[in-house]
Ligand SMILES: Cc1cc2nc3c(=O)[nH]c(=O)nc-3n(C[C@H](O)[C@H](O)[C@H](O)COP(=O)(O)OP(=O)(O)OC[C@H]3O[C@@H](n4cnc5c(N)ncnc54)[C@H](O)[C@@H]3O)c2cc1C
């Protein structure tokens, strides 16, 4: 049977051909709609990736589900590298590996439960290519949306030459990122709320090249973290043998990015805090001089739609900090949720109801993943080096093994499940309170593995339900 939304093909405009927009364009075309995608940048398939650097993203279950729905997960798997856990580098060089997945839990694609590193540029190219292979999708690169008129259902696009064009549509989807032009127009609507906040911390990326034999210089199935309190270095491997290394730090203060202006200052900083990294990146100081410091912005808004004509998805609706590796995944989950709602639509005049249901379902999820991502920054930079925290993770992993489906660690709920983020956050807070009391037991370092501790934790959890 044809899907109801495809019984009435419409003219759809998608603004922004990033990770979410190109995937969404494909999903709409698969339902029989005529889709035009307007992207201010040039075609990502032409020319090298921006800056020639390899910038990667962690893809996990929520993203995979959306790719699966669009029928392209197998293609994406070919360019994805499994990452099985995090490897913490202490200042004295001690390494501690912590598996992401639960023992024995089956993962995706026949792999153990893990996350996957993908190159942002390659994934974007693949998504654009897959959408463009569909006869009903047309990409218009080098066209920036400068105005949207929701009453007239028109977009004004500025071409690279400076000339403008006005196009019409039945529905418009704003997938144009954190500084969305579509959302800018919604802000003039009555009772539309919007908040923007910059983190006091920024980041800079550098690449670690493979060794002389083209092999990875560090373990390639791990996300490496050098937790240093208020700042941290992270390295995520790429399938080409390189690592993308990112320093996240406050702008100001003694360990801040603002203090890393000269080669000497940068060399001293890395020698002091990351001594094992310097020999692995011989051109670190050259890269440091060339690569920019970037800021981290968060946005929230409500509602995520305008009547039955306009809808926001991905970073345009919810830009978050990157510390849970969920920005793109949550944007792709927007696509899964909205396409399911469209597929359940019984009449073609229900777009307004569908958009309202989408806002109702996704807004609490967007707020929760923003909070989770902020909390995870503190966890990654401050707690992953703390023995008490590592003990908590060991106890939780044990509980998850003894009581499968009853005790599910927060990381697993966020990364390896489709539980709405706000439900995961609530459950995580509950479990954290129980763990705080378990960890305060006398001699917990010796008794953590005992049946009494496990019993006490699960009983406390079940009492709270
Ligand atoms: C350092 C860092 C690391 C990250 N790591 C991860 C990770 O590991 N896992 C994860 O899931 N997420 C991660 N993220 C988040 C992820 O990058 C974003 O959530 C994701 O890119 C959002 O996709 P999007 O398509 O909504 O927006 P974008 O990727 O920003 O795409 C928006 C597109 O719209 C275009 N556009 C903008 N304005 C206009 C306009 N006016 N007219 C036409 N086109 C326009 C832009 O050129 C762009 O192509 C990370 C983010 C950062 C900053």
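Points worth noting:
- Angle of helix 421-439 to the longest C-alpha principal axis of the chain, folded into 0 to 90 degrees and rounded to 10: 10°.
- The Cα-based radius of gyration and maximum Cα-Cα distance (Dmax) for the range 151-220 are 21.4, 61 Å.
- Residue ranges 362-371, 37-46, 256-265 sort as 362-371, 37-46, 256-265 when ordered by packing (mean number of other C-beta atoms within 10 Å per residue, highest first).
- Shown for 200, 396: other C-beta atoms within 10 Å of each C-beta, ranked fewest to most, produce the order 200, 396.
- Once the mean of 1/r is taken over each pair of separate Cα atoms and inverted, the range 386-463 shows a Kirkwood hydrodynamic radius of 12.7 Å.
- Sorted by Cβ neighbour density within 10 Å, fewest at the top, the residues 189, 440: 440, 189
- Each listed q (0.20, 0.21 Å⁻¹) maps to a log10 I(q)/I(0) for the range 199-294, found by the Debye formula over equal Cα scatterers with no solvent: -0.99, -1.09.
- The percentage of C-alpha pairs in the range 94-232 whose separation is greater than 22 Å is 67%.
- Among 335, 301, the order by Cβ neighbours within 10 angstrom, fewest to most, reads 301, 335.
- Helix content alone sets the calculated 222 nm mean residue ellipticity of the chain: runs of n ≥ 4 DSSP H residues at -39500 (n - 2.57) each, divided across all residues, give -11000 deg cm²/dmol.
- Mean Cβ neighbour count within 10 Å, used as a protection proxy, ranking 124-132, 451-459, 79-87 highest first: 124-132, 79-87, 451-459
- The ratio of the alpha-carbon radius of gyration of the chain to the globular-protein estimate 2.2 N^0.38 Å is 1.02.
- Alpha-carbon centroids, the range 423-464 and the range 87-143: separation in whole Å: 32 Å
- For the range 1-155, the normalised intensity computed at q = 0.13 Å⁻¹ comes to -0.73 (log10 of I(q)/I(0), Debye sum over alpha carbons, equal scatterers, no solvent).
- Approximating the spin labels as points 7 Å out from Cα along Cα→Cβ, the residue 289-to-residue 160 distance works out to 3.0 nm.
- Per residue, the average separation of C-alpha pairs within less than 8 Å and at least 6 apart gives the chain a relative contact order of 18 percent.
FYI, it's all coordinate maths here, none of it is from the lab. This is a predicted model, so every value here is computed, not measured. No Cβ is skipped: glycine too gets one built from the backbone with ideal geometry, and neighbour counts run over all protein chains shown.
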